[in-house]
């Protein structure tokens, strides 16, 4: 009996003891062990949110893994159909709640494509600066969480959050909120950056490489990290492309596809930065790529802060109230820190969208979770999930 | 006890208190939260426990993964109808005395997602909440203030048998875990908790 | 990646013709996008959709190997009529060759990683919203459709034939109904919560209703 399909999920979602086991009706395997079904989640201490994996184990090896979603399904799309275009902007903050700036940008980009709005140059630079700051704090926190899953019990996470607080200070002084910034508008940004803010951003950027060196000295040559992450959860290039995997996971397999270079949205084609690529597609490659991407983000930030011109922070003719885009549809996507974040909007000429669809990178990246975890131990399954970099607000929308 | 006498004794190096005060002091300063983060507010909860807004100095450093070992559940984030039975089960598995903090607008009343078909409009439809923290997400300082409010509430507990509280706890324990019905949870709320008189208010 | 094709555009008319040659009667029409984004779509015949998808992935000159997004859209009959009316006002034909009554639609966004092109939008339309809501699943061609088609099934009710594991993904298993449809009625679980704002609202309504201001009731 295929228990993952036949049994209603409400029966099996025992939230209390984390490893509630039932033996399945499969024939016992050759060495006499029976298969055990474990429901990992939706409440489990891996701090990735309310995500559940129905895992079938033979001893410690995973033979089947089915992810279960929907525990944070908050109906962004239905709510957006009843809200104006600008009114959905604060909701996009809450999709990938680590990076509200990039979510806002992706949505603003899609609406600008739909309505043909142009963005002034200074606004584009501000967008790049805030997006790269967002990428920095996302990657560093993710590494903190990943290493915590491997057993580091919170110390690298403390360092990561210390740096994150510095970046959140910047966001707070700019937008008024630490996490849910609601900063981008259709045609630019909500308010201008001051020279003092740019100076502080410059200070944060200059202090970051030293922190990264310290972080790497702790982690990158750490025996435990190396042995727990090399060769674990390897992913091939063809499978990654077929499964729609994007972001650092795709580049870890060696495919050179970074939307900042491939699509060159905004003004990314003015910046000089490299795209790190991995070779094996395992957890260590994903970890290393994120470290290298942080260094490239610092390079972009330096260039952007140096070159930002004077000008408008929002298009002077941008209409905030009574915004009605023309009929039609548009799909806009950006390179969010977790992958390709896209928004598909269908407009029927009214102030509210007819269809509002979010293309979440974490959700699509989970398509091959089972493939990556088969044959690995259950402890490694936790690490592989950590390296996929999921945020449930985005997965479940 | 007379305050003057108390301070005289303290000067002589004798410390007097009641057993109740001592017990509540110990309990309120070593709350063990359940590691239960649902959504965005969970990140602010984690940030509160990190080095800048240290939660450890309030005694709440050890976030327990198992509800059997925790006495404080911080419901941080939107509770969806799919997740609601698990939240109630976790609450039931916590041993008494247990406290619940509803952190964020979503846990209080559904928050910005109130119009959602899958969103539970507030966790206090099913479990009694002690402290509500408004905000979306509330700042770490707000969570610290809530922990302090809860500590003040705990110090007002009595060590002896409190009939009203025991009855309340029995009533709450007897209410069933909601099931997933064809359209909505069944029951969609526990009226006795949802319309509870504000007897659990903190006397500040 | 071929650098000469980065940010390149492709000719959808030419692609449609080549596809029609390769897989006969697969392309029903080209839907011109009215907005400045100019992302035009190919409306495909569901019967030949899988072979068309395989041709697009393997043998087309652009090599569409990356399926980025799968969306489902609900077009009830009133919305279709409204759309056609609006198009007529703009003196254009309704670009979507769609059924007259209501229908459901699955929209696929394809990109080419090797050539750096996109997006190519494919549309598959069902015949109506109630009985004939079956479409072929493109999961065997592009694996990334797996979860997204499950979501379309869960929230819209489109049945995908050939999907390896078609069951609800976001809502719980015993749930009935398809919540994202336009005619979904959600359960009434709102409680009236009196707030101090009610007094303010009443006072401001009374003030507005004095004099010759238009009456406000809600």
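Bear in mind these aren't lab numbers, they're just calculated from the coordinates by the rules spelled out. Just so it is clear, the structure is predicted and the values come from calculations on it, not from any experiment. We place every Cβ from the backbone using ideal geometry, glycine too, and count neighbours over all the protein chains shown.
Using 0.36 nm per residue, how much length does the chain from residue A:192 to residue A:227 gain when fully extended, once their Cα-Cα distance is taken away? List each step's numbers first, then the result.
Numbers: separation 35, 0.36 × 35 = 12.60 nm, distance 4.73 nm.
Answer, rounded to one decimal: 7.9 nm.
Modelled spin-label separation between residue A:216 and residue A:320, with each label point placed 7 Å from Cα along the Cα-to-Cβ direction: 4.3 nm.
Stretched out straight at 0.36 nm per residue, the stretch from residue B:6 to residue B:30 would grow longer than its current Cα-Cα span by 6.1 nm.
Two decimals is fine: what's Rg over Rh for the protein assembly as shown, C-alpha atoms, Kirkwood radius as Rh?
On the way: Rg = 27.6 Å, Rh = 28.3 Å.
That ratio equals 0.98.
When only C-alpha pairs under 8 Å and at least 6 residues apart count, what is the relative contact order of chain A, in percent?
Details: 731 pairs, mean separation 92.4, N = 397.
Once normalised by length, the contact order is 23 percent.
Which of rounded, prolate, oblate describes the stretch A:48-187, given a ≥ b ≥ c as roots of the alpha-carbon gyration tensor eigenvalues and a/c under 1.5 marking rounded, otherwise prolate only if a/b is larger than b/c? Taking the square roots of the gyration eigenvalues as a ≥ b ≥ c, the stretch A:48-187 is oblate. Counted by neighbouring Cβ atoms within 10 Å, the residues A:285, A:169, C:188 run from fewest to most as C:188, A:169, A:285.
Per DSSP helix of 4 or more residues, -39500 (n - 2.57); summed, then divided by the residues of chain C. What does that give at 222 nm, rounded to the nearest 500? Mind showing how you got there, number by number?
Working: 5 runs with 59 residues, N = 218.
Roughly -8500 deg cm²/dmol at 222 nm, from the helical runs in chain C.
Relative to the compact-globule estimate of 2.2 N^0.38 Å, the Cα radius of gyration of the stretch C:12-210 comes out at 1.29. In plain terms, the residue of C:197, A:280 with the fewest other Cβ atoms within 10 Å comes first and the most crowded comes last, giving C:197, A:280.
Over the protein assembly as shown, what is the percentage of antiparallel beta bridges among all DSSP beta bridges, to the nearest 5? Approximately 75 percent, going by the DSSP bridge assignments. Helix A:121-147 and the longest principal axis of the Cα set of chain A meet at an angle near 20°. Using a ≥ b ≥ c from the Cα gyration tensor of the stretch B:31-189 (square roots of the eigenvalues), is it rounded, prolate or oblate, where a/c under 1.5 gives rounded and otherwise the larger of a/b and b/c decides, a/b for prolate? Taking the square roots of the gyration eigenvalues as a ≥ b ≥ c, the stretch B:31-189 is oblate.
Spacing of the modelled spin labels on residue C:88 and residue C:132, each 7 Å from Cα toward Cβ, amounts to 2.5 nm.
Taking other C-beta atoms within 10 angstrom as a stand-in for reagent exposure, A:260, A:286, A:295 fall in the order A:295, A:260, A:286, fewest first. Any chance you could give the angle, 0 to 90 degrees and rounded to 10, that helix A:100-115 forms with the longest Cα principal axis of chain A? The angle comes out at about 60 degrees.
Taking a ≥ b ≥ c as the square roots of the eigenvalues of the Cα gyration tensor, the stretch B:49-96 is classed as oblate, since a/c reaches at least 1.5 and a/b does not exceed b/c. If R0 is 41 Å, the Cβ-Cβ spacing of residue C:32 and residue A:302 corresponds to a FRET efficiency of close to 0.40.
For chain B, the longest principal axis of the alpha carbon atoms and the long axis of helix B:163-174 meet at an angle near 30°. Taking label positions 7 Å along the Cα-Cβ direction at both residue C:45 and residue B:17, the computed distance is 8.4 nm, reported to one decimal.
222 nm [θ] for chain A, helices only, -39500 (n - 2.57) per DSSP H run of 4+, per residue, to 500? Display every interim value, and only then the final one.
Numbers: 17 runs with 181 residues, N = 397.
For chain A, the value works out to -13500 deg cm²/dmol.
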